[in-house]
1. Could you run through region B:61-95 and say how many residues are more than 8 Å from chain A (Cβ to nearest Cβ), of a type outside the set (A, V, I, L, M, F, W, C) and under 11 Å from the mean Cα position of the chain (by Cα)?
2. Can you tell me which residue is nearest to the other protein chains (Cβ to nearest Cβ) among those in region B:124-150 that are within 16 Å of DNA strand D (Cβ to nearest atom) and surrounded by 13 or more Cβ atoms within 10 Å (Cβ to Cβ)?
3. Consider B:A7 against the criteria (1) away from DNA strand D (no atom under 12 Å from the Cβ); (2) modelled with pLDDT under 95; (3) within 8 Å of another protein chain (Cβ to nearest Cβ): it satisfies all of them except one. Which criterion is unmet?
4. In region A:36-64, which residues are farther than 20 Å from B:L57 by Cβ and either of a type in the set (D, E, K, R) or touching a residue at least 40 places away in the same chain (Cβ under 8 Å) (or both)?
Number of protein chains: 2
Amino acid sequence: MPKQSPATSKAQAKLKAPAAKRPASQAQAPVFNARIVGINYDILEELTGYAVRRAQLSIYADFTASLGAYDITPQRFSSLVIISNNPGISQTRLAEVMGIARSGVVAIIDNFEQAGLLERQDAGDRRAYNLHLTKEGQRQLEKYKQAVKEHDDRVSQQLTIKERQQLRALLGKLCIESK
Amino acid sequence: MPKQSPATSKAQAKLKAPAAKRPASQAQAPVFNARIVGINYDILEELTGYAVRRAQLSIYADFTASLGAYDITPQRFSSLVIISNNPGISQTRLAEVMGIARSGVVAIIDNFEQAGLLERQDAGDRRAYNLHLTKEGQRQLEKYKQAVKEHDDRVSQQLTIKERQQLRALLGKLCIESK
DNA sequence: TATTGTTATACTCTATAACTATA
DNA sequence: TATAGTTATAGAGTATAACAATA
């Protein structure tokens with residue numbers, strides 16, 4: 001096995017707590033107002049990257065506010081969806097899909113495993129694991145999905161269905177080299 | 001003065017180094033491939049938030065790769081642009097505009113001040129500072145702007161000018177409550 | 001009392017590198 | 001030698017809370 005057995009130290013690894021909502025005592029905090037009146041944004045107004053970043057921060061804020069009840073983040077949610085729909089995927093492959101380092105997925109998987117949402121199953125290769133959601137994991141994921149859909153709909157509510165598709169299509173064309 | 005004079009300990013505060021480019025020895029790293037063949041993304045394909053997040057990560061990666069020569073980040077760049085176009089702005093106001101905590105701007109400003117790019121000038125209110133770019137700061141900013149424009153153009157190269165405007169418009173409509 | 005800038009502290013995310021057990 | 005998972009470590013980012021100076 002990959003250095004230590006799944007049933008032992010792995011799942012017992014230190015894992016960060018859910019990170020509960022903190023009350024903003026003095027409100028010196030993270031509300032990324034879309035655009036502040038009286039401020040000149042100059043070139044920022046014309047940059048695709050700036051627009052994307054602003055949107056991303058706003059969406060992220062809404063996500064955490066909406067899903068605060070669950071111990072989930074966009075990153076963790078994506079992991080579950082990927083594993084659910086690509087059962088048996090390895091950690092290295094998952095890291096590749098998620099665009100993060102292999103070391104990063106360890107904590108994510110540890111956390112889910114300890115919560116009973118997934119299992120590291122034997123792969124043919126004894127160095128690797130096949131990741132699978134448990135029944136409980138699948139059940140939880142369905143709940144998350146529902147909540148995420150609601151969040152995403154709320155966030156996109158000013159756009160028609162057509163516009164949302166259009167937006168995704170445009171975003172999908174970014175960062176593509178013409179060569 | 002706000003607890004300590006600008007000329008003394010403030011600018012001398014610890015500031016993080018430029019964070020030079022690191023060679024990916026084993027390439028277990030951060031290349032967020034737009035979409036990986038053979039992977040089922042399920043619901044993620046339909047989420048506005050996911051599309052925005054992917055785009056943001058790709059753009060960020062291109063930004064750091066493109067601007068690696070300069071000691072700048074999207075965050076720092078935005079700060080300079082805002083200060084340049086809103087001279088005399090206070091740190092608290094800047095924090096508000098940037099959507100981060102006041103404590104966060106201190107390090108940013110310290111860094112710029114030590115680099116000679118900006119000055120904390122006296123405000124009428126002796127608790128506050130008026131932020132101004134120095135001549136050198138203005139000069140540097142122009143260079144950054146040029147590089148950022150090129151980066152943003154490259155990132156958006158698959159979109160027509162019209163589509164870019166369209167994209168920004170759509171992004172700007174996100175996260176708006178209809179009430 | 002309230003506000004500005006500051007500091008101290010802590011937590012999250014994620015990277016690199018080295019290590020282990022396999023292959 | 002190369003690969004999968006793991007660990008140790010470190011750095012960036014950013015938050016909260018408390019504090020000094022000032023309003």
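1. Result for region B:61-95: 5.
2. In this case the residue turns out to be B:V148.
3. Single failed check for B:A7: (3).
4. Of everything in region A:36-64, those that are farther than 20 Å from B:L57 by Cβ and either of a type in the set (D, E, K, R) or touching a residue at least 40 places away in the same chain (Cβ under 8 Å) (or both) turn out to be A:D42, A:E45, A:E46.
For (1) within 16 Å of DNA strand C (Cβ to nearest atom); (2) modelled with pLDDT of 95 or more; (3) not small (G, A, S), each residue gets a yes or a no:
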site: B:G104; (1), (2), (3): yes, yes, no
site: B:F112; (1), (2), (3): yes, yes, yes
site: B:Q121; (1), (2), (3): yes, yes, yes
site: B:E142; (1), (2), (3): no, yes, yes
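The values are calculated or read from the model by the stated rules, or taken from the named source; none is laboratory data. All values reported here derive from a predicted model rather than from experimental measurement. Ideal geometry is used to build each Cβ from the backbone, glycine not excepted, and the neighbour counts take in all protein chains shown.
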